[in-house]
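Visitor: Attaching a single structure in structure tokens format; questions to follow.
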Amino acid sequence: MDESNTTHRPTGHVYSSGVSEVAPIPLPESASELTVSVRRLCAFAAQAGDLDLRFTPAPSALEGMAGHRRVQAARGADYEAEVALEWRFEGLRVRGRADGFDPRAQRLEEIKTCRGSADAVKPNQRALHWAQARAYAAILCIERSFPGLRVALVYFDLESETETVLEEQLDAQALHEELQSLARRYLGWARARAQRAEALVAALRAMPFPRAAFRPGQLELSRRIYQAAVARRCLLAQAPTGIGKTLASLYPLLKARAQHRIDKIYFLTAKTPGRAVALEALRELGAKGAHDLRVLEIEARESACVHPGAACHGEACPLARGFYDRLPAAREAAAVIPILDRASISKVAAEHEVCPYFLAQEMAHWCDLVVGDFNYYFHPSAFLHVLAREEEWQVSLLVDEAHNLPDRARAMYSAELSEASFDAARTLAPPAAARALKVLRTEWRRAEAQCEGAEALLLDNLPDALLFALRDAAACLAEHFNAHPKLPQGPLHALFFEVLQFARLAESFGEHSVLDFSPAGDTRQIALRNLIPAPFLRPRFAAARSCVCFSGTLSPFDFYRDTLGLPDNTATVDIDSPFKTRQLEVRLAGALSTRLDDRPRSLARLVDILAAQYERRPGNYLAFFSSFDYLDMAADALAARHAGIPCWRQRRGMRADERAGFVERFRTAGGSGIGFAVLGGIFGEGVDLPGEQLVGAFIATLGLPQHDPLNERMRERMEERFGNGYAYTYLYPGIRKVVQAAGRVIRSESDEGVLWLLDERFARPEVARLLPAWWAPTQART
């Protein structure tokens, strides 16, 4: 029997036959002992006062570790570095590593690296540092029966390589009492979380699939995702629109969580609608038994901010003032809400007068599943990735609409500097920073001059002098803002963060990147363009326990495995479409060329095809074009030759209400016409127009990226690295846009429609083999 055409009713454990070779890992029946790190204990129980995000130049993780080693190496021969400590209290195990202990001086040291004066360390940070130092000192006193210790905070300035030491002599009894107070504060909360976690495991084990039956293809996808999670592997899953990919991915991963150690699940999306679909599926699962599941939606700070004109510190924002004093009550209120979506977070935050964005960041520690944008795990400074590494969580990833990740990742690992930013900040920079910025512009010009006489303003190497100038400019600006933390945000801050981002990415410049001096409109700029994101993404995938990248368009798999840096043993699955060939009439326009030079000659015939199809079957259609210029040319031609056909068009920079209005035209009862949109744009995916809301689509081009110097350089690099440069740069990304756009027509097994492919190249074998197997294109007589 063909499983793809069979309805499956869930009975018992639906994965037993799919993963019989993998034995479940038994979980403890009772969490008799809770474990917490000293750092996390203090962050939970000892923080107080204001939220303060004023800029202070922070070392990178590697710089911090190197600074620690320098301080430790400067101590005496009997100095103990990285002292492992552990303490048990009423069922709580507290563990950690003290940075250092000097037995001669009887001094425990907590070392913190910084850039600039230790006086710039914020009060709430210093209080947290003291809490950590005292906690380590308390445990050391208990382990070694010391009556007391000298406790020191050592701030090591990486720039001057000097130490600032703050020290106090503390009695062991006082230290012990303070540690017990922190532990008691944490224990009540942690025990409640542990009880919920035990109940969740039992609920997930018993949770049935929430629907009466699996849709065709849904069961197979679910099985393969479960197998990948259990085997700790990555999976590329191509599954067509309409089978319920979101539910089919969340359900098996929650079942795997109940049988194996998965601390957190991150559901990552490219666009806001994907988050909404995931949250709806999770509500459905919650209603079927996952009552104790805690889900968090994270949104961008700009969207969550209640006071967008205020800086993030207590002197400017009322929600930052006393944030940590009010956080415990807000955390308690948020913890009982199963689905902490943006509305719920905002409501709790408003009731307790705390910042909703940073309340959400706190709740990420305590929720089982986080729904958010790609950026929160894959960006260079991604919050969820940093958190998972710090807490040593076992994380499983679900990457929704993963076909968007290569382009999104390229943007994450690219940076730009514009002359306009320099000009806007020129009069605001102090003398030292102004000199450094002048040197940076000089080295920029020298690097650009190396492109003179070349066909493209691209440079394959990053000159050492430019790298040094970037470092120096970033350091001078950092020193300025460190010395003046209360300066209001302005053009100099904006320039600093651009320089800082550019400098950080420049440190890892390699064959995956190129310097681009092409102007942006009327403004000169220098850009570091990432061409292949794999070197940056590979460590992120390696850090995850398992990962599933899924989409309706992930073909061919090698392209995504290579460009994303997925492991060599990544599994793949291509789920058969539940749709029948008879549902979609695919028509080839024949000898019609939509190449740039041929468009004026073929335009009349193209719009006549649109009009003839509309006359045969009146209704709503989408017509996709490769650019706004081509779109406008075709829409104008249709209006001139067939004035009676209603049409509306996508425009550059549409506001949210305009985008909604464009889609609403399709949903108006009794309406009909042709909407003109850009292929690969906002209406080419993520738009759901079932039934008669959309009866057909026209796709005018192959969607190939523009043949410009930057894409040609990418093609060369792809060829050097993977041996398939043209397809990786042009053909595969282009056909992906075509298939995504065509997917707007058939949204369910009851839909029927027509698709016109309006370029003669669609008939070529190398193109036709990339189209969905269930399509059956026929040559039209036009």
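Visitor: From the C-alpha gyration tensor of the stretch 598-742, pull out the three semi-axes of the equivalent ellipsoid (sqrt of 5λ each), sorted largest to smallest, in whole Å.
Guide: Working: eigenvalues 184, 60, 37 Å².
Ellipsoid half-lengths, sorted descending, are 30, 17, 14 Å.
Visitor: Right, another one. Order of 696-708, 495-507, 424-436 by packing, highest average Cβ count within 10 Å first?
Guide: Working: 696-708: 21.0, 495-507: 19.4, 424-436: 16.2.
Per-residue Cβ counts within 10 Å, averaged per peptide and sorted highest first, yield 696-708, 495-507, 424-436.
Visitor: Compute from the Cα atoms of the stretch 392-540 the Rg and the Dmax, the latter being the longest Cα-Cα distance, and quote both in angstrom.
Guide: Final numbers for Rg and Dmax: 17.1, 53 Å.
Visitor: Rounded to whole Å and sorted largest first, list the principal axis extents of the Cα atoms in the stretch 50-128.
Guide: Principal-axis extents of the Cα atoms in the stretch 50-128, largest first: 37, 36, 24 Å.
Visitor: Among the listed pairs LYS264/LYS737; LYS271/LYS347; LYS112/LYS347; LYS245/LYS737, give every one whose C-alpha distance is greater than 25 Å. Each step should come with its number before you reach the end.
Guide: Details: LYS264/LYS737 32 Å; LYS271/LYS347 23 Å; LYS112/LYS347 37 Å; LYS245/LYS737 19 Å.
In this structure, LYS264/LYS737; LYS112/LYS347 lie more than 25 Å apart at Cα.
Visitor: Let me make sure I get this right: for the stretch 207-295, a, b and c are the square roots of the gyration tensor eigenvalues over alpha carbons, sorted descending. Under 1.5 in a/c it's rounded, otherwise prolate if a/b > b/c, else oblate. Which is it? Numbers along the way, then the final one.
Guide: Values: a/c = 1.16, a/b = 1.02, b/c = 1.14.
Here the stretch 207-295 falls in the rounded category.
Visitor: Using the Kirkwood radius over Cα pairs, work out the Stokes-Einstein diffusion coefficient for the stretch 250-302 at 20 °C and 1.002 mPa s, in µm²/s as a whole number.
Guide: Working: Rh = 12.3 Å.
The diffusion coefficient I find is 175 µm²/s.
Visitor: Please state the equivalent ellipsoid semi-axes for the stretch 137-207: what are the square roots of 5 times the Cα gyration tensor eigenvalues, largest first, in whole Å?
Guide: Values: eigenvalues 302, 85, 18 Å².
Largest first, the stretch 137-207 gives 39, 21, 9 Å.
Visitor: Which stretch or stretches of the stretch 147-166 have amide N atoms under 17 Å from the point lying 7 Å from ARG104's Cα along the Cα→Cβ direction?
Guide: 150
Visitor: Using a 7 Å offset from the Cα along the Cα-to-Cβ direction at both ARG301 and ALA660, what is the distance between the two label points in nm, to one decimal?
Guide: Each label point is offset 7 Å from its Cα along the Cβ direction, giving 2.8 nm.
Visitor: Which value, in Å³ per residue, describes the convex hull spanned by the Cα atoms of the stretch 696-746? Each step should come with its number before you reach the end.
Guide: Details: hull volume 3.1 nm³, N = 51.
Given the Cα convex hull of the stretch 696-746, per-residue volume reads 60 Å³.
Visitor: A further question on this structure: So how strong a dipole does the chain carry about its Cα centre when Lys and Arg Cβ are +1 and Asp and Glu Cβ are -1, to the nearest 20 debye? Display every interim value, and only then the final one.
Guide: Working: 95 positive and 98 negative charges, 326 e Å.
Taking the Cα centre of the chain as origin, the dipole is about 1560 debye.
Visitor: Would you kindly calculate the translational diffusion coefficient of the stretch 453-521, applying Stokes-Einstein with the Kirkwood radius from alpha carbon pairs, for 20 °C and a viscosity of 1.002 mPa s, and quote it in µm² s⁻¹ without decimals? Display every interim value, and only then the final one.
Guide: Values: Rh = 13.8 Å.
Result for D is 156 µm²/s.
Visitor: To continue, here is another question. Based on the Cα atoms of the stretch 375-414, what semi-axes does the equivalent ellipsoid have, where each is the square root of 5 times one gyration tensor eigenvalue, given in whole Å with the largest first?
Guide: Details: eigenvalues 83, 36, 5 Å².
Equivalent ellipsoid semi-axes, largest first: 20, 13, 5 Å.
Visitor: Let me ask another. Would you kindly state how much longer the chain becomes between ALA763 and ALA61 on full extension, computed as 0.36 nm times their sequence separation minus their alpha carbon distance, in nm to one decimal? Can you show the working numbers first?
Guide: Numbers: separation 702, 0.36 × 702 = 252.72 nm, distance 5.32 nm.
Extra length from ALA763 to ALA61 when fully extended: 247.4 nm.
Visitor: Moving on. Quick one: net charge around GLY691, please, counting Lys, Arg +1 and Asp, Glu -1 for every other residue with C-beta under 9 Å from its C-beta. Walk me through the intermediate numbers first.
Guide: Details: positive: ARG747; negative: GLU692, ASP751.
Charge balance near GLY691 sits at -1.
Visitor: Enumerate the whole-percent occupancy of each 5 Å bin, from 0 to the last occupied one, for all C-alpha pair distances of the stretch 720-769.
Guide: Values per bin, smallest distances first: 4, 15, 22, 22, 15, 11, 5, 4, 1, 0.
Visitor: While we're looking at this one, here's another question. Below 8 Å between Cα atoms, with a sequence gap of 6+, how large is the relative contact order for the chain in percent? Working shown, then result.
Guide: On the way: 1392 pairs, mean separation 100.8, N = 782.
Across the chain, relative contact order equals 13 percent.
Visitor: The stretch 196-350: D in µm²/s via Stokes-Einstein (Kirkwood Rh, Cα pairs, 37 °C, 0.692 mPa s)?
Guide: Values: Rh = 17.6 Å.
Stokes-Einstein gives a translational diffusion coefficient of 186 µm²/s.
Visitor: Also: If you take the beta carbon distance between THR442 and ALA542 as r and set R0 to 45 Å, what does 1/(1 + (r/R0)^6) give as a FRET efficiency, to the nearest 0.05? All intermediate terms of the calculation are to be shown ahead of the outcome.
Guide: Details: r = 40 Å, r/R0 = 0.89.
E between THR442 and ALA542, to the nearest 0.05, is 0.65.
Visitor: Can you compute the FRET efficiency between GLU315 and GLN394 using 1/(1 + (r/R0)^6), with r the Cβ-Cβ distance and R0 = 41 Å? Round to the nearest 0.05.
Guide: Working: r = 40 Å, r/R0 = 0.99.
That pair, GLU315 with GLN394, gives E of 0.50.
Visitor: Give the calculated FRET efficiency between ALA424 and SER145 to the nearest 0.05, with a Förster radius of 60 Å applied to their Cβ-Cβ distance. Write out the running numbers ahead of the final one.
Guide: Details: r = 62 Å, r/R0 = 1.04.
Approximately 0.45, to the nearest 0.05.
Visitor: Calculate, in nm to one decimal, what GLN195 and ARG601 gain on full extension: separation in residues at 0.36 nm each, minus their alpha carbon distance. Kindly include the intermediate steps, with their values, before the conclusion.
Guide: On the way: separation 406, 0.36 × 406 = 146.16 nm, distance 7.16 nm.
Answer, rounded to one decimal: 139.0 nm.
Visitor: Now a separate question. If Lys and Arg each add +1 and Asp and Glu each add -1, what is the summed charge of the other residues whose beta carbon sits under 10 Å from the beta carbon of ALA105? Show your work: numbers first, answer last.
Guide: Numbers: positive: ARG75, ARG104, ARG107, ARG150; negative: ASP102, GLU109, GLU167.
Taking every Cβ under 10 Å from that of ALA105, the sum is +1.
Visitor: DSSP beta bridges in the stretch 81-165, what fraction antiparallel, as a percent rounded to 5? Before the final figure, lay out each step's value.
Guide: Numbers: 15 of 23 bridges.
In the stretch 81-165, approximately 65 percent of DSSP beta bridges are antiparallel ones.
Visitor: Work from the charge dipole of the chain (Cβ charges, +1 for Lys and Arg, -1 for Asp and Glu, about the Cα centre) and give the residue of THR570, GLN125, THR701 farthest towards its positive end.
Guide: Ranked along the dipole, the leading option is THR701.
Visitor: Computed over the Cα atoms of the chain, what is the convex hull's projected area averaged over all directions, in nm²? Please list the in-between numbers first.
Guide: On the way: hull surface 147.3 nm².
So the Cα hull casts an average projection of 36.8 nm².
Visitor: Percentage of Cα-Cα pair distances in the stretch 572-645 greater than 16 Å, rounded to whole percent?
Guide: Numbers: 1583 of 2701 pairs.
In whole percent, the long-distance tail amounts to 59.
Visitor: Now, a different point. Using label points projected 7 Å from each Cα along Cα→Cβ, tell me how many nm separate SER750 and ARG232, to one decimal.
Guide: A separation of 4.7 nm, rounded to one decimal place.
Visitor: Relative to the present Cα-Cα distance, how much length would full extension add between ARG95 and LYS580 at 0.36 nm per residue of separation?
Guide: On the way: separation 485, 0.36 × 485 = 174.60 nm, distance 5.90 nm.
Between ARG95 and LYS580, full extension yields 168.7 nm more.
Visitor: Thinking of the stretch 499-548 as a set of Cα atoms, what percent of all their pairs are more than 13 Å apart?
Guide: Roughly 67 percent, rounded to a whole number.
Visitor: Using a basic spin-label model with each label point 7 Å from the Cα along Cα→Cβ, how many nm lie between ALA206 and LYS288?
Guide: 1.6
Visitor: Taking K and R as +1 and D and E as -1, what net charge do the other residues with C-beta under 11 Å from the C-beta of SER37 add up to?
Guide: Net charge around SER37: +1.
Visitor: Still on this structure, please answer the following. What does the stretch 548-609 give for Rg and for Dmax, in Å, if only its C-alpha atoms count?
Guide: Values for the stretch 548-609 (Cα only, Rg and Dmax): 18.7, 51 Å.
Visitor: Over the stretch 333-394, average the accessible area per residue using a 1.4 Å probe and give it in Å², no decimals.
Guide: On the way: 2210 Å² over 62 residues.
I get 36 Å² per residue for this part.
Visitor: Does anything in the stretch 518-558 have its amide N under 11 Å from the 7 Å Cα→Cβ label point of ARG652, and if so which residues?
Guide: Taking a point 7 Å out along Cα→Cβ of ARG652, the residues of the stretch 518-558 whose backbone N falls under 11 Å are 521.
The values are calculated or read from the model by the stated rules, or taken from the named source; none is laboratory data. Just so it is clear, the model here is predicted, and its values are computed rather than measured. Every residue, glycine as well, gets a Cβ built from its backbone with ideal geometry; the counts of neighbours run over all protein chains shown. We work out accessible area using only protein heavy atoms, side chains counted, and drop any ligands, DNA or RNA first. Shrake-Rupley method; radii C 1.70, N 1.55, O 1.52, S 1.80 Å.
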